[in-house]
Amino acid sequence: MSRRKPPAGAVTKAPAGLPYPLIENWAWQDRAACRDVDPDLFFAAESERGLRKHARELLAKSLCGTCPVRRECREHALVVGETYGVWGGTTEEEREPVLHARRV
């Protein structure tokens, strides 16, 4: 199977820390339980705090608990150093110690 040349202006090199823009690196997202869900469920509004933030995170994490690609999602967040949102059933606070350990 031959590969087609990327269209003019297409991203062919990934920014530092991100996987290369090959379909194989991102195809897992097509199987994600959240693929048709409003992203606001996974990311806190600037003013969101306390119980409201905790409730939203619990709802997002419960959806992640049903997801067939939860592990890939979590690993993606760790590889790219994602510091915002719920990824793979983990919050930014839960990922922070792992991210810190990987930097050391």
- Query: For HIS54, are the conditions met, namely being assigned to a helix (DSSP H, G or I), at pLDDT 95 or above and not polar (S, T, N, Q)?
  - Reply: yes
- For the range 23-42, how many residues meet the condition of being assigned to a loop (DSSP other than H, G, I, E, B), open to solvent by less than 80 Å² (accessible area, probe 1.4 Å) and either modelled with pLDDT under 95 or not β-branched (Val, Ile, Thr) (or both)? 4
- Message: Between a residue in the range 54-71 that is in contact (Cβ under 8 Å) with a residue 40 or more places away in the chain and any residue that is among the small types (Gly, Ala, Ser), which pairs come within a Cβ distance under 9 Å, given they are 6 or more apart or on different chains?
- Response: VAL69/ALA32; VAL69/ALA33; VAL69/GLY88
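Determine, yes or no, whether SER62 is open to solvent by 60 Å² or more (accessible area, probe 1.4 Å) and either in contact with a Leu (Cβ under 9 Å, 6 or more places away or on another chain) or modelled with pLDDT of 95 or more (or both).
For SER62, the condition - open to solvent by 60 Å² or more (accessible area, probe 1.4 Å) and either in contact with a Leu (Cβ under 9 Å, 6 or more places away or on another chain) or modelled with pLDDT of 95 or more (or both) - is met.
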- Identify the residue in the range 70-104 that is within 24 Å of GLU48 (Cα to Cα), modelled with pLDDT under 95 and not in a helix (DSSP H, G or I) and, among all such residues, is least open to solvent (accessible area, probe 1.4 Å). GLY81
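The values are calculated or read from the model by the stated rules, or taken from the named source; none is laboratory data. Remember, it's a predicted structure, so these values are computed and weren't measured experimentally. No Cβ is skipped: glycine too gets one built from the backbone with ideal geometry, and neighbour counts run over all protein chains shown. Surface accessibility is based on the protein's heavy atoms, side chains included, excluding ligands, DNA and RNA. Shrake-Rupley method; radii C 1.70, N 1.55, O 1.52, S 1.80 Å.
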